[in-house]
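What follows is a set of notes on a single structure, which appears directly below.
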Amino acid sequence: MQKISDYSLIVESAFKNIRFIPAEPSGLYDPAVYALGAGGKQLRPSLLLMTADSFGGEKGVENAIHPALGIETFHNFTLLHDDVMDNSDTRRGRPTVHVRWDVNTAILSGDAMLTLATREIAFVPDTYLRRVLDVFNSMALEVYEGQRFDMDFEEMSEIDEEAYIEMIRRKTGALLGASAEIGAIVGGASGKDCVLMKEFGNMLGIAFQIQDDWLDTFGDAATFGKPIGGDILNDKKTYLWVQAMKGESGDVEALSAAMELKGDVKIRTVTHLYEKMNLSEKCRKAVGHYSSKALTALKKTSLPEDRKESFRLLVEKLTGRKK
């Protein structure tokens, strides 16, 4: 049984040894190299490789290397453009691309990363090419749709839980779902197993994002890797906020007033209200609920039990993480 960290090492090695980003013009490609060199969990390409290995062994991993690079490049392209839209100054402890260069460079280099990602995704045996591209393109559109919904939510005073969950399923879950599904496809899995692995990734993505929402408010800044309270400062509609707005009228009025505050006072006041409403416990239960859905999909696959155990450990690691 291999761990997700074993596949992360394969991804790191592949990025070093497979030169798929041109050198010139440097003004276009250097920011892409910079963005990809910022570190990160490499969760999505590692999940793709682990799934391919679980179903197809060494041949599956061989088929999955280029799509794994493509998935990670696509993920970082979305982060680069997100940073522009959110006007974020730092990413993983470093200046964002639009801060180090400029906004136009960030947009154009992001566009280049998308095309480079698509080219790597298509670097699979012809037998799988159409299916893999269909999965990738469908996922990409869902990610963009999720981002649009997230932007729309910023202007809304009421959002129901179902709408919020669907937004994060698209924005976060779809990419994990596609990673697992593409890994299953190039690993030679049956159609049923491919669908189940997509569901595994989708549900894991929802649990992952709810945990991320919790960490942004209640995590430790040194461990989390970025300042705590950013979602509160930026009026982001998170799972915590959605649950809070379902509370008693007095608490909802107090929260609405607190959201008009500024800086650290706003963070402290809103966090105190979230604590008063016991929202940490609601987040914990939601993470457990969607983790269970992921594990239910995994259980239905034809994978042997020792292979399933690797994915179970991944669920435990991601939903219990502190960063």
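The values are calculated or read from the model by the stated rules, or taken from the named source; none is laboratory data. Worth saying up front: this structure is predicted, and the values here are computed from it rather than measured. When we count neighbours, we look across all protein chains shown, and the Cβ atoms used for this are built from the backbone with ideal geometry, even at glycine.
Residues that are over 19 Å from the mean Cα position of the chain (by Cα), among the polar types (S, T, N, Q) and closer than 30 Å to residue 51 by Cβ within the stretch 274-300 comprise just one, 296. Pairs linking a residue in the stretch 162-190 that is under 19 Å from residue 283 (Cα atoms) and among the β-branched types (Val, Ile, Thr) to a residue that is modelled with pLDDT under 95 and surrounded by fewer than 24 Cβ atoms within 10 Å (Cβ to Cβ), with Cβ atoms under 7 Å and 6 or more positions apart or on different chains, do not occur.
Only one entry in 181, 166 is of a type outside the set (A, V, I, L, M, F, W, C) and buried (at least 18 other Cβ atoms within 10 Å of the Cβ), namely 181. The requirement of being aliphatic (A, V, I, L, M) and touching a Gly at 6+ places or on another chain (Cβ under 6 Å) is satisfied by residue 206. Residues to consider are 132, 143, 195; find the one that is touching a Pro at 6+ places or on another chain (Cβ under 8 Å), of a type in the set (A, V, I, L, M, F, W, C) and at pLDDT 95 or above. Exactly one residue qualifies, and that residue is 132. Filtered by the rule that a residue be part of a helix (DSSP H, G or I), farther than 28 Å from residue 146 by Cα and not hydroxyl-bearing (Ser, Thr, Tyr), the stretch 234-252 gives 250, 251. The residues of the stretch 265-295 that are polar (S, T, N, Q) and free of Cβ contacts under 8 Å to residues at least 24 places away in the same chain, listed by number, are 269, 278, 292.
So that you can scan it fast, the table gives a plain yes or no per residue for (1) farther than 16 Å from residue 234 by Cβ; (2) touching a strand residue (DSSP E or B) at 6+ places or on another chain (Cβ under 9 Å); (3) in a helix (DSSP H, G or I):
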site	(1), (2), (3)
62	yes, no, yes
68	yes, no, yes
72	yes, no, yes
76	yes, no, yes
80	yes, yes, yes
84	no, no, yes
88	no, no, no
98	yes, no, yes
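Please tell me if residue 38 is in contact with a His (Cβ under 6 Å, 6 or more places away or on another chain), more than 19 Å from residue 310 (Cβ to Cβ) and touching a residue at least 40 places away in the same chain (Cβ under 8 Å). The answer is no for residue 38. Counting just the residues of the stretch 253-264 that are within 14 Å of residue 235 (Cα to Cα) and not in a loop (DSSP other than H, G, I, E, B), which one comes out farthest from the chain's Cα centre (by Cα)? Selected residue: 257. Applying the criterion of being of a type outside the set (Lys, Arg) and touching a residue at least 60 places away in the same chain (Cβ under 8 Å) to the residues of the stretch 242-253, the residue that is nearest to residue 167 (Cα to Cα) is 242.
Remark: pairs (first residue in the stretch 2-19, over 21 Å from residue 309 (Cα atoms) and part of a loop (DSSP other than H, G, I, E, B); second residue aromatic (Phe, Trp, Tyr) and modelled with pLDDT under 90; Cβ separation under 9 Å; 6+ apart in sequence or on different chains) are absent.
Of the candidates 228, 232, the single residue that is farther than 20 Å from residue 161 by Cα, at pLDDT below 95 and among the β-branched types (Val, Ile, Thr) is 228. Looking at 302, 291, just one residue is in a helix (DSSP H, G or I), out of contact with any Cys (no Cβ under 6 Å at 6 or more places or on another chain), polar (S, T, N, Q) and modelled with pLDDT of 95 or more, and that residue is 291.
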